[in-house]
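S.K.: Take a look at the following structure, please.
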Amino acid sequence: MYRKISRFLMVVGIGTLGIFGFSSLKETTEAQINRNSREKRPNIIMVISDDMGYSDMGGFGSEIQTPHLDALASQGMMLTNFHTGPTCSPSRSMILTGIDNHRAGLGTMFEKLTDNQRGKPGYEGILNDRVVTIATILKEGGYHTYMTGKWHLGEEPGQRPTDRGFEQVFGILQGGADHYAVLDDVCAANRAACGTEVTYFSNGQIIEPPDNFYSARSYTDKMIEFIESNRRTGKPFFGYLAHTSPHAPIQGPEEYTQKYLDTYSVGWDEIRAQRFERQKELGIIPDYLELPPRWPMVEPWNSLSPEEQRVEAKKMAVYAGMIHYLDEQVGKLIDYLKEIGE
């Protein structure tokens, strides 16, 4: 999704990440950029959702309410046939550099490296020093550069976002975390419901997340704070808002879960059929396609007991609520940008 709005450019990645390239950006020098200094350069915000399905947004056929994302889609460009990495950090390495993930050092995620891959070129498991990020290029070109959310491209000093072109940063260095800050009782009772321990990072320092932390809200608020802090400098900005939502663990505000309990009580067989037909109506898929068979590892909905159906419907409702809430945070960011004339 790609559209200039006033002097504001937003790029939204859905799911495993939509990739856009930076052809020959390394060759773009500050002098070249300054040739256009008389013109106002666009601000750029790149918003990423994590593990969001292709059909999980209203504009792509979902029953989940995503009016702000849908508005961006209707005003901009929807990419329905694009190619990206199948997993997290390889995709992030490409979207931040425009370079193949093997050349960037992430032939696969660090967590998935096999013994025969370790130590081999292209499998360093971090964003290597043979590539340059868009943040570095834009910073050298006179942009403020901000990042909030998930990094997952290296944890050690020298590998962190502040080492790769970002001026102000708030987020996690690893690949996932609980969406709330304080879940000790819940996690002690059910470790599977929670994420692994992670490192929160802010402007070069390891920190503890605030007690009122919730990922989608906190990362959005911090991005707004960063933009506001330099708003009167006259320099354009690049903001990389890399949400961890709706990636597992599935955790969301209860009031948003409640909105979808009835919706998902019909079960996943009915939901996927509805989405499939809606995508035909929207022109996302050809109308001659037939609904493919259910995955073998997924049981027919009507084979579940009433209690199993209740539990599974609740899981789907929590997930949908997370996306609904994430969409509202995108709307909050857009409203802020409009308020400041961007």
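Each reported figure results from applying straightforward, stated rules to the coordinates on display, with no laboratory input. Only a predicted model underlies this, so the values are computations on that prediction, with no experimental measurement involved. Note that we place each Cβ from the backbone using ideal geometry, even for glycine, and neighbour counts take in every protein chain shown.
S.K.: Need one number: nm distance between label points at Lys120 and Glu156, each 7 Å from Cα along Cα→Cβ, rounded to one decimal.
M.R.: With each label point 7 Å from Cα toward Cβ, the separation is 2.1 nm.
S.K.: In the neighborhood of Met57, defined by Cβ-to-Cβ distances under 9 Å, what is the net charge if each Lys or Arg adds +1 and each Asp or Glu adds -1? List each step's numbers first, then the result.
M.R.: Values: positive: none; negative: Asp56, Asp70, Asp327.
Within the 9 Å Cβ shell, the charges total -3.
S.K.: Whose amide H sits under 5 Å from the amide H of Tyr200, counting only residues 5 or more places off or on another chain, with H placed in the peptide plane?
M.R.: Ile207
S.K.: Which pairs break 24 Å Cα to Cα here: Lys139/Lys332; Lys222/Lys332; Lys112/Lys314; Lys150/Lys259; Lys222/Lys338; Lys259/Lys338?
M.R.: Numbers: Lys139/Lys332 26 Å; Lys222/Lys332 12 Å; Lys112/Lys314 31 Å; Lys150/Lys259 28 Å; Lys222/Lys338 17 Å; Lys259/Lys338 29 Å.
Lys139/Lys332; Lys112/Lys314; Lys150/Lys259; Lys259/Lys338, as the Cα separations exceed 24 Å there.
S.K.: I'd like the GluC sites (Glu not before Pro) in the stretch 107-161 restricted to DSSP loop residues with at most 12 other Cβ atoms within 10 Å, sorted by number. If you can, show how the numbers build up before the last one.
M.R.: On the way: sites: Glu111, Glu124, Glu140, Glu155; in loops: Glu124, Glu155.
For GluC sites (Glu not before Pro) across the stretch 107-161 that sit outside H, G, I, E and B with at most 12 neighbouring Cβ atoms in 10 Å, the list is empty.
S.K.: Can you give the log10 of the normalised intensity I(q)/I(0) at q = 0.11, 0.25 Å⁻¹, computed with Debye over equal Cα scatterers of the stretch 106-173?
M.R.: Each listed q maps to, in turn, -0.29, -1.09.
S.K.: Then there is this: With a cut-off of at most 14 other beta carbons within 10 Å, and DSSP calling the residue loop, which trypsin sites (Lys or Arg not before Pro) in the stretch 64-125 qualify? Please list them. Please report the intermediate quantities before stating the final value.
M.R.: Working: sites: Arg92, Arg103, Lys112, Arg118; in loops: Arg103, Arg118.
Answer by residue number: Arg118.
S.K.: Report, please, the projected area of the stretch 53-172 averaged over directions, based on the convex hull of its C-alpha atoms, in nm². Don't skip to the end; give the middle numbers.
M.R.: Details: hull surface 37.0 nm².
Averaging across all directions leaves 9.2 nm² for the Cα convex hull.
S.K.: Select from the stretch 260-312 those GluC sites (Glu not before Pro) which occupy a DSSP coil region and have at most 11 other Cβ atoms within 10 Å, ordered by residue number. Please list the in-between numbers first.
M.R.: Working: sites: Glu270, Glu277, Glu281, Glu290, Glu307, Glu308, Glu312; in loops: Glu290.
Here the sparse-neighbourhood loop sites are Glu290.
S.K.: Excluding Phe166 itself, what net charge comes from residues whose Cβ is under 10 Å from its Cβ, given Lys and Arg +1 and Asp and Glu -1?
M.R.: Details: positive: Lys139, Arg160, Arg164; negative: Asp163, Glu167.
Cβ neighbours under 10 Å give a net charge of +1.
S.K.: With +1 assigned to the C-beta of every Lys and Arg and -1 to the C-beta of every Asp and Glu, and no other charges, what is the dipole magnitude of the stretch 92-141 about the Cα centre in debye, to the nearest 20?
M.R.: Numbers: 7 positive and 6 negative charges, 9 e Å.
For the stretch 92-141, the charge dipole is close to 40 debye.
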